[in-house]
Amino acid sequence: MRLQPVLALLLFAVSAPAQTRPHAVVNAPLAQRPYMGWSSWSFLRGKPTEEKVKAQVDALFAAKLPELGYRYINLDSGWSDGFDDHGIPKPNLQSFPSGMDGFGAYLHSRGLSFGLYLTPGIDPKLYDANPIIAGTSSHIRDITDADQPGSTHKGSYKIDFTKPAARTYINSIVQQFARWKVDFVKLDFVGPGGGNLPADNREEVRQWHAAIVRSGRPVWLELSNYLSIDQAALWRTNANGWRIENDVECYACGRSNDPAIKGNLTEWSRVVDRFADVPPWIPYAKSGGWNDLDSLELGNATKDGITPAERQSMFVLWAISCAPLYLGSDLTHMDPDDLTLISNRDLIAIDQAGIPATPMDIQSLRDRTRQAWVALNPDGSAILSIFNLRAEAAPIKFNWDEIDALRGTHFAQHPPVLKDLITKAEIPTTPEGINLSLDSHASRVFRLTVPR
């Protein structure tokens with residue numbers, strides 16, 4: 001008789017997920033996998049408009065990218081126009097006549113997520129206006145330490161969180177964003193880290209996280225840019241993503257008069273830095289928070305600013321690192337070959353599986369100009385990615401027993417079948433290992449499966 005209640009409970013537990021699936025999805029933990037989408041900064045810089053972004057959304061759907069997971073539409077710098085009577089950022093209604101609530105509703109109606117950009121600290125213009133913080137008798141100056149930088153970008157003052165109204169001020173911004181139904185916030189120029197000034201925004205990040213939790217709305221908090229790895233545990237506790245390097249965009253290309261590079265989105269020198277940046281951050285990439293390598297400058301062929309081989313290497317590195325996959329290109333001029341790359345379901349699946357690859361310390365590759373990265377999957381398969389970072393073609397050669405010694409696999413005893421995840425071709429099993437030649441800045445990525 002005592003078994004009957006237990007059996008009933010077990011039957012209920014088995015059936016409950018199916019009955020409550022919609023509710024469970026809504027309340028699922030945020031950032032279980034890296035986000036995917038499009039950001040306005042690379043292409044539109046600080047001048048996004050409702051009309052221009054809607055054109056990008058239409059192009060996103062024309063390319064059938066949302067069905068692959070590209071669903072976040074993030075407005076970077078330029079969406080706001082000063083502050084309201086309580087110091088809360090307000091939208092530029094000339095650029096976004098629907099307002100943020102209306103624009104967010106449009107994105108949600110199309111099944112997309114809505115992101116906004118903000119910087120920490122107090123803007124000098126806000127400091128001069130000195131409005132009353134909503135729900136308090138305190139003014140903005142009462143919570144401001146004008147002697148310290150408010151961000152790693154020059155031109156802001158630090159918020160003094162020893163003053164009770166400071167927390168209320170952050171709450172008021174988050175509450176407004178919740179009313180607009182914002183799904184994502186990029187907090188830029190956060191320190192300690194890169195930028196122009198040695199700012200310390202650790203407490204502000206904590207307060208943003210706490211305010212988001214209090215709001216009851218699941219909002220992805222992304223930190224930028226070039227965060228200090230010394231504070232990685234704090235970033236992970238309070239945010240869902242953090243940039244690990246400076247901007248990937250080629251700003252000199254925008255200023256150039258050379259038609260060959262003018263307007264290019266990026267350049268190889270900015271991409272290749274990430275190969276050295278990623279490894280120390282790998283332990284922090286897991287469900288709940290991810291290492292952000294910056295936007296993917298892919299989609300516009302030659303105006304990407306990198307060669308086809310470099311584009312593939314960029315996408316492969318982002319995917320095997322389980323980094324957010326968000327495009328910075330002009331989607332209305334999508335290149336078919338670039339589209340094929342960013343639509344590669346196998347590479348997207350690697351990214352979304354959330355198992356970051358790690359580079360192998362193989363004797364023959366120790367100059368780091370040629371690299372091999374491996375991720376081991378729960379099903380016994382592995383992902384092997386190889387890169388040639390040299391300016392000329394180069395061989396990449398190593399034995400299976402070298403992987404076995406570094407990863408605890410048994411490929412020397414049971415040579416794996418290799419499937420090329422770009423060409424989809426299957427490479428016959430060989431007992432020797434890897435012996436390939438790669439062109440300049442080229443890559444290959446394989447799924448390794450041991451025959452049964």
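The values are calculated or read from the model by the stated rules, or taken from the named source; none is laboratory data. None of the values given here were measured: they were computed from a predicted structure. Here the Cβ is made from the backbone with ideal geometry for all residues, glycine too, and neighbour counts use every protein chain on show. Note: accessible area is taken over every heavy atom of the protein model, side chains too, but ligands, DNA and RNA are not part of it. Shrake-Rupley method; radii C 1.70, N 1.55, O 1.52, S 1.80 Å.
Structure notes:
- Residue match in segment 427-440 (condition: open to solvent by less than 30 Å² (accessible area, probe 1.4 Å) and under 30 Å from L68 (Cα atoms)): yes
- For segment 15-70, the helices (runs of 4 or more DSSP H) that sit wholly inside it and include 2 or more residues that are at pLDDT below 95 and of a type outside the set (K, R) are 21-26.
- Options D330, D361; residue that is acidic (D, E) and surrounded by fewer than 16 Cβ atoms within 10 Å (Cβ to Cβ): D361
- Subset of segment 377-431 [farther than 28 Å from E310 by Cβ and hydroxyl-bearing (S, T, Y)]: T409, T429, T430
- Residue match in segment 291-299 (condition: within 23 Å of L389 (Cα to Cα), assigned to a loop (DSSP other than H, G, I, E, B), out of contact with any strand residue (DSSP E or B) (no Cβ under 7 Å at 6 or more places or on another chain) and in contact (Cβ under 8 Å) with a residue 12 or more places away in the chain): yes
- Test result for R345, open to solvent by 30 Å² or more (accessible area, probe 1.4 Å) and touching a residue at least 60 places away in the same chain (Cβ under 8 Å): yes
- Within the set G135, G155, the sole residue that is part of a loop (DSSP other than H, G, I, E, B), of a type outside the set (D, E, K, R), touching a His at 6+ places or on another chain (Cβ under 9 Å) and at positive phi turns out to be G135.
- Cβ-Cβ distances below 6 Å connect the following pairs, each with a first residue in segment 177-195 that is over 13 Å from W79 (Cβ atoms) and touching a residue at least 60 places away in the same chain (Cβ under 8 Å), a second residue that is buried (at least 20 other Cβ atoms within 10 Å of the Cβ) and of a type in the set (A, V, I, L, M), and a separation of six or more residues or different chains: L187/L223; V190/L223.
- Within segment 418-435, the residues that satisfy the criterion of being farther than 24 Å from T340 by Cα and either in contact (Cβ under 8 Å) with a residue 12 or more places away in the chain or in a strand (DSSP E or B) (or both) are T429, T430, P431, E432, G433, I434, N435.
- In segment 97-125, the residues that are assigned to a helix (DSSP H, G or I) form Cβ pairs under 6 Å with partners that are among the aliphatic types (A, V, I, L, M), at six or more places apart or across chains, as follows: L107/I73.
- Between S321, S329, S295, S269, the distinction of being farther than 25 Å from G115 by Cα and hydroxyl-bearing (S, T, Y) belongs to S269 only.
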